[in-house]
Amino acid sequence: MALIYSELVKAQFENLAGDPASNPTGLVYFNTGTGFPKWYDGSAWRTAVDTASTQSLAGKTFTTDTVFSSTGAITVPAGTTGQQPGAPTNGMLRYNSDNGAFEGYQSGAWAGIGGGGGGGGFLFNEPQGEAPTRSELAGERVYEYQASITQKLIGWAKVPSSYIPGAQVNMAVAFAVTSAGTDDVRMEAVATLIKSGTAVTSTTNQHTSTNADTTLSGTSNALNYLTLDLSDGSGEINSVAVAAGDLIKIELYREAPSGTEDTNDILLIPSATEVTFS
């Protein structure tokens, strides 16, 4: 019997928990497991989605490549460091509201993806009770390291597949100072090499580095850079060679210089700070 649209008042599709064995082309039913109607197009079952409204895909798994063809944007999960998933798996992506940056889970640890302010940057985590104060300078997120106070930030860097064995690993730290100082500042980095299969809490393979004193220019909020070596000149940390795929945990401190210390706050700029592997 043919159904004529003008005479159709109400029709109810059959409710099933899974695809029926008999599947003639055009067959439609309501899948009670997914909460969506499905139809058979002659070769495969397809799921109907209401494009005029928001559909919940909570708990759903995509088993093929997914293409977003709009010109808008997708919104990824966002939350604090303390709200990271309790059982993360490689490939997870989220926005860390504490750090103001995207992060992904890879090789057993959360690591930054890009950075704030449009730069490549470096994502730092803020250890509770030990981190410098987060602030803002010219619309950019910064961390205020004070003189004579033990404060630290922690970050993770994954050694890229393009890494050439034996190349030195460095961190270029970008910072400004709150006032027009002309004295010296110094930073310290403690780098820990984490190999595959090694506990991420290991402190066995460490390298500690301080830069030579950096003398300030006397210009308030002037951009400065200093370089800290995370490995020795032959690409080793504690005599263990750095290799592609390794993780390097970085703890960054302010250190007293050998000269006269500038007592202004150091404003570390994470979006302009980076780790280099050459």
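Within the range 1-22, how many residues are at pLDDT 80 or above and surrounded by 10 or more Cβ atoms within 10 Å (Cβ to Cβ)?
The number of residues fulfilling the criteria is 4.
Testing I250 on (1) closer than 18 Å to V142 by Cβ; (2) not in a strand (DSSP E or B), one condition comes back false. Which one is that?
Result: I250 fails condition (2) only.
Can you confirm whether L93 is closer than 22 Å to Y253 by Cα, modelled with pLDDT of 75 or more and under 11 Å from the mean Cα position of the chain (by Cα)?
Values: closer than 22 Å to Y253 by Cα: no; modelled with pLDDT of 75 or more: yes; under 11 Å from the mean Cα position of the chain (by Cα): yes.
In short, no.
Count, please, the residues in the range 230-247 that happen to be without any contact (Cβ under 8 Å) to a residue 60 or more places away in the chain and in a loop (DSSP other than H, G, I, E, B).
2
Could you tell me whether any residue of the range 206-229 is closer than 20 Å to N125 by Cβ and in a loop (DSSP other than H, G, I, E, B)?
To start, the set of residues in the range 206-229 that are closer than 20 Å to N125 by Cβ comprises 206-209, 228.
Restricting the remaining residues to those that are in a loop (DSSP other than H, G, I, E, B) gives none.
So far as the range 206-229 goes, no, none of its residues is closer than 20 Å to N125 by Cβ and in a loop (DSSP other than H, G, I, E, B).
If you take the residues of the range 126-145 that are of a type in the set (D, E, K, R) and in a strand (DSSP E or B), which of them is surrounded by the fewest Cβ atoms within 10 Å (Cβ to Cβ)?
Filtering the range 126-145 for residues that are of a type in the set (D, E, K, R) and in a strand (DSSP E or B), the one surrounded by the fewest Cβ atoms within 10 Å (Cβ to Cβ) comes out as E136.
Out of the residues in the range 155-171 that are over 10 Å from S278 (Cβ atoms) and surrounded by fewer than 16 Cβ atoms within 10 Å (Cβ to Cβ), state the one that is nearest to the chain's Cα centre (by Cα).
Result: P160.
When the range 146-193 is examined, which residues are found to be among the small types (G, A, S) and not in a strand (DSSP E or B)?
Selection gives A147, S148, S161, S162, G166, A167, S179, A180, G181.
Of all residues in the range 23-41, which are exposed (fewer than 15 other Cβ atoms within 10 Å of the Cβ) and at pLDDT 85 or above?
Those that are exposed (fewer than 15 other Cβ atoms within 10 Å of the Cβ) and at pLDDT 85 or above: P24, T25, V28, T32, D41.
What number goes with the only condition from (1) over 15 Å from L267 (Cα atoms); (2) over 21 Å from the mean Cα position of the chain (by Cα); (3) in contact (Cβ under 8 Å) with a residue 24 or more places away in the chain that G197 does not pass?
Failed condition: (3).
If a residue must be of a type in the set (G, A, S) and within 20 Å of the chain's Cα centre (by Cα), how many such residues does the range 136-154 contain?
0
Filter the range 220-278 for residues that are surrounded by fewer than 13 Cβ atoms within 10 Å (Cβ to Cβ) and over 30 Å from S179 (Cβ atoms); which is nearest to the chain's Cα centre (by Cα)?
So, considering only residues that are surrounded by fewer than 13 Cβ atoms within 10 Å (Cβ to Cβ) and over 30 Å from S179 (Cβ atoms), the one nearest to the chain's Cα centre (by Cα) is S278.
Could you check, for the range 111-118, whether at least one of its residues is at pLDDT 90 or above and within 24 Å of the chain's Cα centre (by Cα)?
no
Filter the range 201-212 down to the residues that are more than 17 Å from L252 (Cβ to Cβ) and either among the acidic types (D, E) or touching a residue at least 12 places away in the same chain (Cβ under 8 Å) (or both) and list them by number.
Of everything in the range 201-212, those that are more than 17 Å from L252 (Cβ to Cβ) and either among the acidic types (D, E) or touching a residue at least 12 places away in the same chain (Cβ under 8 Å) (or both) turn out to be T204, N205.
The values are calculated or read from the model by the stated rules, or taken from the named source; none is laboratory data. A quick note: this is a predicted structure, and the numbers were derived from the prediction, not measured. Here the Cβ is made from the backbone with ideal geometry for all residues, glycine too, and neighbour counts use every protein chain on show.
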